[in-house]
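A short write-up of the structure that comes next.
Every number here is computed from the coordinates shown, using simple stated rules; none is lab data. Computed from a prediction, not measured in an experiment: that's the story for all the values here. For neighbour counting, all protein chains shown are included, and Cβ atoms are generated from backbone atoms with ideal geometry for every residue, glycine included.
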Amino acid sequence: MKFKKVIDFLACATSSVLFIGYLPLAPGTFGSIAGIGIFYLLKDTTFLAYCAFLLAIIVLGLASSGRTERLLNKKDPGCIVIDEVAGMLIALSFMPFDFKIIFLGFIIFRILDTLKPFPAARFEHLPGAWGIMTDDLIAGIYTNIVLLLILKLKMLV
């Protein structure tokens, strides 16, 4: 019984990114900002280390968010923000560390995460952790593509 409580606590701590998700105002926005903070910490790592860390965040999100959802008995509760962290890390993948790019990536990601363009809205309806995580992963991929196009067209220098 005690072990289950510890696992439940760890799931809530992980899925809320050390309880950032419990902030009373705009938890998803703060989760995205946490993703930027992690991007900053990873800026000098190798491509392989970045990908390994991103994969670990996604796996932790899948492992913890479904459990937190069941504990709270609520579909995709706002306190779960590990999906925003993963989405921001995908959005900023392959990007140089530049404040204009990071800020633009943050704005684009938040817009796409809110609008949920096809097929993100469909994936959001998947059960449990998959529904929680995949729409943000898709928003991150879309954001990354937009940022890469902007950089390729040299619109942001």
Expressed as a rounded percentage, what relative contact order does the range 46-157 have, with Cα pairs under 8 Å and six or more residues apart?
33
Potential lengthening between residue 118 and residue 153 on full extension [0.36 nm per residue; Cα-Cα distance subtracted]:
10.1 nm
About its Cα centre, what dipole magnitude does the range 46-157 give when the only charges are +1 on Lys and Arg Cβ and -1 on Asp and Glu Cβ, stated in debye to the nearest 20?
120
With the crude spin-label approximation of a point 7 Å out along Cα→Cβ, what separation in nm comes out for residue 72 versus residue 40?
2.6
Per residue of the chain, what 222 nm ellipticity follows from adding -39500 (n - 2.57) for every DSSP H run with n ≥ 4, rounded to the nearest 500?
-24000 deg cm²/dmol
Give the angle, between 0 and 90 degrees and rounded to the nearest 10, that separates the Cα long axis of helix 128-152 from the longest principal axis of the Cα atoms of the chain.
10
Which whole-Hz ³J(HN,Hα) couplings does the range 25-38 yield from phi under the Karplus relation 6.51 cos²θ - 1.76 cosθ + 1.60, θ = phi - 60°, glycine and proline marked x?
10, 6, x, x, 5, 5, x, 5, 5, 4, x, 5, x, 5
Give me the angle, in degrees from 0 to 90, between the Cα long axis of helix 2-15 and the longest principal axis of the Cα atoms of the chain, rounded to the nearest 10.
20
Could you list 95, 133 so that the one with the fewest beta carbons within 10 Å of its beta carbon is first and the one with the most is last?
95, 133
Quick check: the angle from helix 99-115's long axis to the longest principal axis of the chain, C-alpha only, nearest 10 degrees?
50
What is the order of 20, 138, 82, fewest Cβ neighbours within 10 Å to most?
20, 138, 82
